Every structure is written in structure tokens, then in C-alpha cells.
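Visitor: Take this structure, written in C-alpha cells, and hold onto it; I'll ask about it next.
The values are calculated or read from the model by the stated rules, or taken from the named source; none is laboratory data. Here the structure is a predicted model, which means the values were calculated and not measured. When we count neighbours, we look across all protein chains shown, and the Cβ atoms used for this are built from the backbone with ideal geometry, even at glycine. All accessible areas refer to the heavy atoms of the entire protein, side chains included, with ligands and DNA or RNA removed. Shrake-Rupley method; radii C 1.70, N 1.55, O 1.52, S 1.80 Å.
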Amino acid sequence: MSRDTGMTLTRRTILLAASALAVSAAPTLAQEPPKPRQIVINASGGAQAASLRQSYWADFEKETGIKVVDTSPVDFGKLRAMVDSGNIAWNITEIGGQDGFRVTQMGLAEPLDPKIIDRSKFVPASQAMTHVFSPSSYSTVIAYRSDVFTKGGPKSWADFWDVKKFPGPRSLRNHPVDNLEAALMADGVPKDKLYPLDVDRAFKKLDEIHPHISVWWTTGQQPAQMLIDKEVVLATGWNGRFYGLILDKAPLAIEWEGGILKQGSWIVPKGAKDQYWSMKLLAMMADPKRQAQNAMRLGYSGTNTLSEQYITDDKRPHLPLEPGNLAKQIWLDQEWWTKNGQAMAERWNKWMLSKQ
Amino acid sequence: MSTADATRAGPPAPRSLRVALAERRAALGAFLLTAPGLIFLGLLFAMPLLQLFALSVEGGTTEWYARVFADGLYTTIFLRTFEIALFVTGAALLIGYPVAFFLATTTPTWRAIGFALVMLPFWTSVLVRTYAWMIILGRNGIVNRFLLDYGFIERPMTMLNTRFAVVLGMVHVMLPFMILPLYSAIVRIDPDLARAARGMGASRLKIFQRIYLPLTLHGVVAGVTLVFVVSLGFYITPALLGGGKVTMIAMVIEQQVREFLAWNFAGALSVVLLAITLAVFWVLNRWVARRVPPAAGQGR
């Protein structure tokens with residue numbers, strides 16, 4: 001089966017191959033299942049929704065005549081409630097980047113159909129997942145006010161921890177994910193030796209920085225907002241939240257060193273309706289050109305390695321999977337967090353309370 | 001019982017019986033009128049509540065409750081939550097009482113303006129109001145800018161992302177809940193009572209102590225209960241104004257539900273919160289029932 005040709009050709013090839021192999025099933029296979037009136041996609045909303053519509057949904061609507069309806073926000077609890085009750089309102093939903101392993105383990109997702117979705121050119125981490133479709137990657141990075149640190153900003157997590165060299169109020173996420181990794185890197189643990197995380201060591205390192213954190217952020221837009229308002233001068237955040245601002249020449253900069261990569265993750269909920277069409281839509285999101293479009297709008301790299309070539313030079317340095325940037329970062333270990341997430345959250349809350 | 005007694009009393013019996021029947025019919029009518037409300041509450045409130053309880057003891061185990069009290073973590077969060085709710089209630093009462101008093105005793109024009117000012121924020125989204133506080137209290141916010149520009153301070157004060165900001169934001173949200181019951185209590189008091197007291201030489205403080213305070217105690221308890229109970233469940237305001245340094249129990253429950261899908265444990269936490277809330281409600285009610293004769297609150 002030829003993989004380098006466009007989507008339509010691939011589908012035709014598949015259908016031909018399939019009907020040739022299974023002669024008896026041929027008549028039904030050649031026909032597509034009935035089209036639903038609409039596909040409901042649940043995602044994070046915000047700026048992302050507009051970009052997804054421009055990059056993917058609009059074309060899907062034009063090609064199939066099926067309306068794409070957006071809802072938000074991402075809600076893992078709701079997903080489980082839907083699957084448990086069999087009353088599934090979403091055809092496709094986004095999930096948190098750390099939840100891909102868990103969603104598969106808990107049986108909340110349908111397996112992806114490789115006959116419809118071509119992921120052969122995806123980065124290995126995105127190819128490996130059987131139930132989770134990952135068209136983009138994002139990274140938790142250090143962001144700072146470039147007008148405050150005029151002689152160059154922090155170059156590593158150790159610098160983020162260095163309050164003498166880089167004075168000023170800081171912000172970290174009010175959550176153990178990313179922070180434990182960052183603390184260990186700041187303490188000198190080599191990037192390839194992070195997992196399994198040395199939790200005691202991480203919290204000890206976090207003790208050091210705690211007095212200098214003026215805000216523990218909870219929602220994704222907070223870090224960028226606080227940097228713009230100069231409420232803090234250093235913060236961690238998801239790279240796409242700073243991307244548009246940096247392109248618009250806001251006095252912000254990000255450091256990729258030690259960035260913690262995660263997969264933008266999408267699933268078809270277990271038992272959802274019209275799965276064929278949902279898979280068709282995901283297939284559209286696998287298309288390298290469209291991924292590049294979306295990446296240039298949002299700052300979240302496409303995971304199809306062929307998408308790279310469609311990125312314009314002015315945007316390239318600002319994307320997490322650009323080879324130079326990629327080399328500086330690590331991938332979050334979802335499996336570790338699935339096993340330890342709840343225990344870490346309790347320890348985190350306890351640690352927070354002990355500081356009050 | 002009363003019907004039976006009336007029958008034994010002789011001649012007036014048929015009439016009493018008719019009255020009793022009519023009363024019963026009226027009661028039935030009243031019940032039917034409340035039926036839609038009761039069904040609504042039953043389906044959308046009582047049922048989920050029972051389900052929540054069922055989740056917390058699923059499999060006949062008490063382990064989830066044991067975990068709530070196992071180590072200091074959750075009990076400390078409960079205590080912190082109550083502390084904050086208490087601060088908020090106290091501040092809302094101190095601010096709300098004078099406002100309610102003003103509204104109840106001023107001219108109709110001022111009353112209309114006052115009510116508009118009280119209700120306008122009430123109709124504004126909590127999120128919007130929370131962001132407004134962020135703009136006001138921030139390091140480069142309105143207050144700090146003003147104080148810096150006029151040389152009152154040399155470095156910006158930290159107001160946002162503190163417990164103070166959380167309490168302030170919550171009081172702002174809760175004030176109408178305090179003012180409205182207080183207003184309805186104060187407005188019922190006959191102004192002649194105060195006039196008579198003044199005529200007999202009572203000081204303003206005495207008038208407040210002997211007339212207003214006892215006659216509005218019902219309103220005070222209603223307002224305090226409402227504000228306190230609602231404050232216990234606050235979630236978004238402390239998350240945004242507390243800078244992550246203030247943890248309230250609703251935030252923890254949300255985390256358990258959405259992030260960890262630990263619904264049994266979340267159920268146990270919720271049931272404990274509900275039990276404590278009901279206990280507070282009951283104590284306040286008992287206390288006021290004993291302190292104030294019921295007529296006083298309704299007096300006219």
C-alpha cells in the first residue's frame with residue numbers, strides 16, 4: 001500500500017485491496033456507512049477552536065456535507081460518565097496530554113482504525129499509541145519578560161531556580177505534573193535518567209523555590225496573562241499560550257531547554273456513534289499540510305514528520321518539534337503519571353498546605 | 001385527634017368536621033401547588049445526593065471515609081475552608097448590616113439606587129468579577145499604581161494571590177445574600193418603636209441594642225446561614241485570587257472527580273462536607289429558635 005500519496009488515493013487503494021481480499025463483503029465495504037447530520041467534537045476551546053475549524057473542520061464539512069459542532073472544555077470525568085452511562089454526546093473528544101495511557105487502560109476509547117487513518121509518518125511517540133490520536137505536540141516551557149532580563153534570560157531549570165541571577169516573582173503550575181520533572185532537572189538529574197522520578201528529591205528542590213513563587217497557576221491562560229501584566233517575570237506554561245504573543249512582538253521569550261513535551265491527544269469515546277466518520281475526520285487531521293497550517297496558527301507542532309516542510313521560516317523557531325528545539329526537550333512519561341498521579345496530587349496538596 | 005375530640009364535644013361537631021375537612025383540602029391544595037417544586041428538587045437534588053452517598057459507600061466499605069480522616073491533609077483543608085467561610089460571613093455581616101439598614105430607612109429614590117448598586121454585581125458573572133479584582137489588586141493594578149504614583153509606597157504591595165484577596169472576592173460575591181434577608185427584617189420594624197425610644201431618651205446605641213438587634217436577629221441568622229453555607233462550596237474565586245496558595249475543599253473534590261475519577265472518595269468528601277454544613281445549619285436554627293420568640297421576627 002502506497003503511503004506517500006494523498007489521502008484520497010490511499011483510501012481508494014485500501015478499498016480496492018479490501019474488496020479484492022474479501023469478495024463476499026465487497027458490496028458492503030465499497031459503500032460508506034450512512035452520513036450523520038453532524039459530528040460533535042469536544043476540545044479545549046479558545047483560540048484553538050478557531051484554528052481547528054480553519055485547518056480541518058471547514059474542509060471536512062465541505063467534502064462530506066457533515067456539520068462539525070464544537071463543544072468544550074476537556075473533561076475526563078464527563079468522558080467516563082458518558083461511557084459508563086452509554087449516553088455519549090461526543091463523537092470525538094480531546095483529552096489531557098498526560099491521560100493518553102490512562103484512557104486506553106480504562107477502556108474509554110475506541111481503537112484507531114489504521115485502514116482509515118495513516119500515521120506511518122508520525123513521530124514515533126505518536127505512532128505507538130493504539131487508541132489515542134495525536135496530531136500535535138505541545139511543551140511546558142520557561143517563559144520570561146525579555147525586557148526585564150535584557151542580558152539574556154534563563155537558559156535552564158537551574159536558572160529558573162536561581163533567584164540571585166534572575167530575581168523577581170515567579171509562577172509555576174499548581175500541579176505536580178511537569179514541576180517534579182523541572183525540579184529534578186534543576187537539581188542536576190540528566191534528562192535521560194529522570195524516570196522513575198525521585199519524588200523526595202524533587203520535593204526537596206521545590207522547597208527551595210517555593211518562597212519565590214507568587215502565583216501557582218491553575219488555568220492555561222494565566223501564565224501569559226501574568227507575564228503581560230508583569231505580575232510575575234518568570235513562569236512556566238504551555239508554549240502555544242506564548243506563541244501568538246511573541247509573534248506579535250510582546251516583550252516575552254521562551255526557553256526550550258528542559259521543556260516537557262506532551263501529545264495533543266484525541267480519542268473516539270468507546271461506543272460513540274458514527275465512528276467511521278469520526279475516523280475520517282481524524283484522518284484529515286493526519287494530513288501534513290493541514291497540520292502545518294494548524295501549527296503555524298497555534299504554535300503546536302504537527303506530529304506528522306512531513307508537516308515540517310510546509311512551515312515557513314519565521315514560525316519554525318517557535319515550534320516545539322523543530323529539530324533544534326526538540327533536542328533540548330524531554331517527553332513526559334504518561335505511564336509513570338498514570339500509576340502515580342493520584343498519590344503525587346495528594347503529596348502535592350499536603351506540601352502546599354505545609355507551606356501556608 | 002382534634003377531629004375526634006371535636007366530635008365528642010357535641011352540637012358544634014358537624015361544623016368542626018367540615019372545617020377540618022376544608023382545612024385538610026386546603027392543605028392538600030397547598031401540597032399540590034408545591035408538587036412541581038418538590039418533584040424538581042427530588043429529581044435534580046435529592047436523587048443525585050443519594051447517588052453520591054451510594055458512591056461513597058459502594059461495596060459496603062467505609063475505607064473512603066477512613067481516608068478522609070486518615071492523615072491531617074483533608075481535615076486541615078476542611079478547617080481552612082471553614083476559617084475562610086467564617087471570615088467571609090463576618091465581613092459580609094459587618095458591611096451588609098449598615099447597607100441593609102440604609103436601604104430600609106432611606107427615601108424611595110435612594111432605595112432604588114441602592115438596590116440597583118447591590119443587585120448589579122449580583123447579575124454579573126462571578127468569573128468577570130473575579131478578573132476585575134485581579135486588575136484592581138495586581139502588582140501593577142489600579143491600587144498599587146495609585147499608591148506608587150502618589151508616593152505612598154515605594155514598592156508594590158502584594159494583595160493579589162493572598163488569602164486577603166480570596167476573602168475580599170468572596171465577600172463581594174456574597175454581599176447580596178446577606179443584605180437581602182437583613183433588609184427584609186429591618187424594613188418590617190415599625191419606625192415608631194425607634195421614635196418612641198428616642199422620645200424617652202434612649203441613645204442610638206441603646207435603640208440598636210434593644211430594638212433593632214433583637215427584631216432583626218432572624219434576618220441576621222438567615223443571612224449568616226446563607227453566606228456561610230454557600231461560602232463553604234466556593235471554588236473558582238479561591239483558585240484565581242488565591243494564587244494557588246489557598247485550598248478550599250470544593251477544589252479538592254473537583255480534582256478528585258475530574259482528574260482522578262476517584263468518585264467514591266469524592267463522594268465521601270462531599271458527604272462529610274454536607275454533614276458538617278447541615279450540622280451548622282441545625283445549630284444556628286436551634287440557637288435562634290431558643291433565643292428569639294418566633295413572633296418577634298414576624299412582628300409588625
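Visitor: Could you derive backbone 3J(HN,Hα) for segment A:270-286 from the dihedral phi with the Karplus parameters 6.51, -1.76 and 1.60 (θ = phi - 60°), listing whole Hz in sequence and x where the residue is Gly or Pro?
Guide: Residue by residue, segment A:270-286 yields 4, x, 5, 7, 6, 4, 3, 6, 5, 5, 4, 5, 4, 4, 5, 6, 8 Hz.
Visitor: I want the antiparallel fraction of DSSP beta bridges within chain A, as a percent rounded to 5.
Guide: Working: 22 of 37 bridges.
In chain A, approximately 60 percent of DSSP beta bridges are antiparallel ones.
Visitor: Give, rounded to the nearest 20 debye, the magnitude of the charge dipole that the protein assembly as shown has about its Cα centre when Lys and Arg contribute +1 at Cβ and Asp and Glu contribute -1 at Cβ.
Guide: Numbers: 68 positive and 50 negative charges, 448 e Å.
Magnitude of the dipole: close to 2160 debye.
Visitor: If I model segment B:61-298 as equal point scatterers sitting on the Cα atoms and use the Debye formula, what is log10 I(q)/I(0) at q = 0.12, 0.13, 0.17 Å⁻¹?
Guide: The Debye formula, applied to the Cα set alone, gives -0.83, -0.93, -1.23.
Visitor: Grab the other residues whose beta carbon is less than 14 angstrom from that of A:ARG37, score K and R as +1, D and E as -1, and report the net. Present the calculation step by step, with values, prior to reporting the outcome.
Guide: Working: positive: A:LYS35, A:LYS67, A:LYS273; negative: A:GLU61, A:ASP274.
Here the count lands on +1.
Visitor: Kirkwood Rh over alpha-carbon pairs of segment A:127-199, then Stokes-Einstein at 10 °C and 1.306 mPa s: what D in µm² s⁻¹, rounded to an integer?
Guide: Working: Rh = 14.5 Å.
Stokes-Einstein gives a translational diffusion coefficient of 109 µm²/s.
Visitor: Another question, then. Add +1 for every Lys or Arg and -1 for every Asp or Glu among the other residues with Cβ under 12 Å from the Cβ of B:PHE31, and state the total. Walk me through the numbers on the way to the answer.
Guide: Numbers: positive: B:ARG24, B:ARG25; negative: none.
Local net charge: +2.
Visitor: Using a 10 Å cut-off on Cβ to Cβ distances, tally the other chain neighbours for every residue of A:213-222 and report the average as a whole number.
Guide: Details: counts 4, 8, 7, 8, 5, 8, 3, 0, 0, 5.
Mean inter-chain Cβ contacts per residue within 10 Å come to 5.
Visitor: Which one, A:TRP331, A:VAL163, A:PHE203, is farthest towards the positive end of the dipole of chain A when Lys and Arg carry +1 and Asp and Glu -1 on their Cβ?
Guide: Result: A:TRP331, furthest along the dipole toward the positive end.
Visitor: Please list, ordered by chain and number, the residues whose modelled amide H lies under 5 Å from the amide H of B:LYS245; skip anything fewer than 5 residues away on the same chain.
Guide: The list, which skips near neighbours in sequence, is A:TRP216.
Visitor: Sort A:PHE160, B:PHE82 from largest to smallest accessible area, using a 1.4 Å probe on the heavy atoms of the protein chains. Before the final figure, lay out the partial values.
Guide: On the way: A:PHE160 0, B:PHE82 40 Å².
Most to least solvent-accessible, the answer reads B:PHE82, A:PHE160.
Visitor: Got a number for the accessible area of B:MET47? Probe 1.4 Å, square angstrom, nearest 10.
Guide: 100 Å²
Visitor: When only DSSP loop residues count, what trypsin sites (Lys or Arg not before Pro) in segment A:167-258 have their Cβ near at most 15 other Cβ atoms within 10 Å?
Guide: On the way: sites: A:ARG170, A:ARG173, A:LYS191, A:LYS193, A:ARG201, A:LYS204, A:LYS205, A:LYS230, A:ARG241, A:LYS249; in loops: A:LYS230, A:LYS249.
Sparse-neighbourhood loop trypsin sites (Lys or Arg not before Pro): A:LYS249.
Visitor: Non-local amide H neighbours of A:GLU110 (under 5 Å, H modeled in plane, Pro and chain starts lacking H): which ones?
Guide: It is A:VAL268, A:LYS270, by chain and number.
Visitor: Placing +1 at every Lys and Arg Cβ and -1 at every Asp and Glu Cβ, with all other atoms neutral, what dipole size does segment B:40-188 have around its Cα centre, in debye to the nearest 20? Working shown, then result.
Guide: Numbers: 9 positive and 6 negative charges, 90 e Å.
Its charge dipole is roughly 440 debye.
Visitor: In what sequence, highest mean first, do B:194-205, B:246-257 appear when ranked by Cβ atoms within 10 angstrom? Display every interim value, and only then the final one.
Guide: Values: B:194-205: 11.7, B:246-257: 22.2.
Top of the packing list down: B:246-257, B:194-205.
Visitor: Per the helix-only calculation at 222 nm, which mean residue ellipticity applies to the protein assembly as shown, given -39500 (n - 2.57) for every DSSP H run of n ≥ 4 and division by its residues, nearest 500 deg cm²/dmol? Before the final figure, lay out the partial values.
Guide: Numbers: 32 runs with 368 residues, N = 656.
Estimated from H runs of four or more residues: -17000 deg cm²/dmol.
Visitor: Further, regarding this structure: List the residues, sorted by chain then number, that are 5 or more residues from A:GLU257 or on another chain and whose placed amide H is less than 5 Å from its amide H.
Guide: Those lying under 5 Å, H to H, from A:GLU257: there are none.
Visitor: In sequence order, what are the phi-derived ³J(HN,Hα) couplings for segment A:339-347 according to the Karplus relation 6.51 cos²θ - 1.76 cosθ + 1.60 with θ = phi - 60°, rounded to whole Hz, with x for glycine and proline?
Guide: Once θ is set to phi - 60°, the couplings for segment A:339-347 become 6, 10, x, 5, 4, 5, 5, 5, 5 Hz.
Visitor: In a Debye calculation with equal point scatterers on the alpha-carbon sites of chain A and no solvent, what is log10 I(q)/I(0) at q = 0.10, 0.12, 0.15 Å⁻¹?
Guide: -0.65, -0.90, -1.32
Visitor: By what distance, in whole Å, do the Cα atoms of segment A:62-220 stretch along each of the three principal axes, largest value first?
Guide: Between the extreme Cα coordinates on each principal axis of segment A:62-220 lie 58, 35, 35 Å.
Visitor: On a 23 Å Cα-Cα criterion, which of the cross-link pairs A:LYS78/A:LYS115; A:LYS115/A:LYS262; A:LYS164/A:LYS230; A:LYS164/A:LYS204; A:LYS193/A:LYS355; A:LYS165/A:LYS262 come out too long? The partial results should precede the final answer.
Guide: Values: A:LYS78/A:LYS115 29 Å; A:LYS115/A:LYS262 26 Å; A:LYS164/A:LYS230 19 Å; A:LYS164/A:LYS204 19 Å; A:LYS193/A:LYS355 29 Å; A:LYS165/A:LYS262 29 Å.
The answer is A:LYS78/A:LYS115; A:LYS115/A:LYS262; A:LYS193/A:LYS355; A:LYS165/A:LYS262.
Visitor: In addition: How many percent of DSSP beta bridges within the protein assembly as shown run antiparallel, rounded to 5? All intermediate terms of the calculation are to be shown ahead of the outcome.
Guide: Values: 22 of 37 bridges.
Percentage antiparallel, nearest 5: 60.
Visitor: With +1 on each Lys and Arg Cβ and -1 on each Asp and Glu Cβ, and nothing else charged, work out how big the dipole of segment B:61-298 is about its Cα centre, in Debye to the nearest 20. Each step should come with its number before you reach the end.
Guide: Working: 19 positive and 9 negative charges, 148 e Å.
Result for segment B:61-298 is approximately 720 debye, rounded to the nearest 20.
Visitor: If you count, for every residue in B:238-245, the Cβ atoms of partner chains within 10 Å of its Cβ, what is the mean?
Guide: Values: counts 1, 6, 5, 0, 4, 12, 13, 10.
Rounded to a whole number, the mean comes out at 6.
Visitor: Report the Cα-based extents of the protein assembly as shown along its three principal axes, largest first, to the nearest Å.
Guide: 102, 75, 51
Visitor: Ok, one more. Whole-Hz Karplus ³J(HN,Hα) for segment A:79-96, in order, using 6.51 cos²θ - 1.76 cosθ + 1.60 and θ = phi - 60°, x for Gly and Pro?
Guide: 4, 5, 4, 5, 5, 4, 8, x, 9, 9, 8, 9, 7, 9, 9, 7, 9, x
Visitor: On average over all directions, what projected area in square nanometres does segment B:5-161 have, based on the convex hull of its Cα atoms? Kindly include the intermediate steps, with their values, before the conclusion.
Guide: Numbers: hull surface 84.7 nm².
Value for segment B:5-161: 21.2 nm².
Visitor: Please compute the alpha carbon radius of gyration of segment A:287-356, then divide it by the globular-protein estimate 2.2 N^0.38 Å. Two decimals is fine. Can you show the working numbers first?
Guide: Numbers: Rg = 17.8 Å, N = 70, 2.2 N^0.38 = 11.1 Å.
Cα Rg divided by the expected 2.2 N^0.38 Å: 1.61.
Visitor: Averaged across the residues of B:253-261, what count of C-beta atoms belonging to other chains lies within 10 Å of each residue's C-beta? Each step should come with its number before you reach the end.
Guide: On the way: counts 0, 1, 6, 4, 6, 9, 10, 8, 9.
Whole-number average of other-chain Cβ neighbours for B:253-261 is 6.
Visitor: Right, next: Where does the charge balance sit around A:TYR243 when Lys and Arg score +1, Asp and Glu -1, over other residues with C-beta under 13 Å from its C-beta? Let's see the in-between values first.
Guide: Values: positive: A:ARG241, A:LYS249, A:ARG297, A:LYS315, A:ARG316; negative: A:ASP248, A:ASP314, A:GLU322.
Here the charged neighbours net out to +2.
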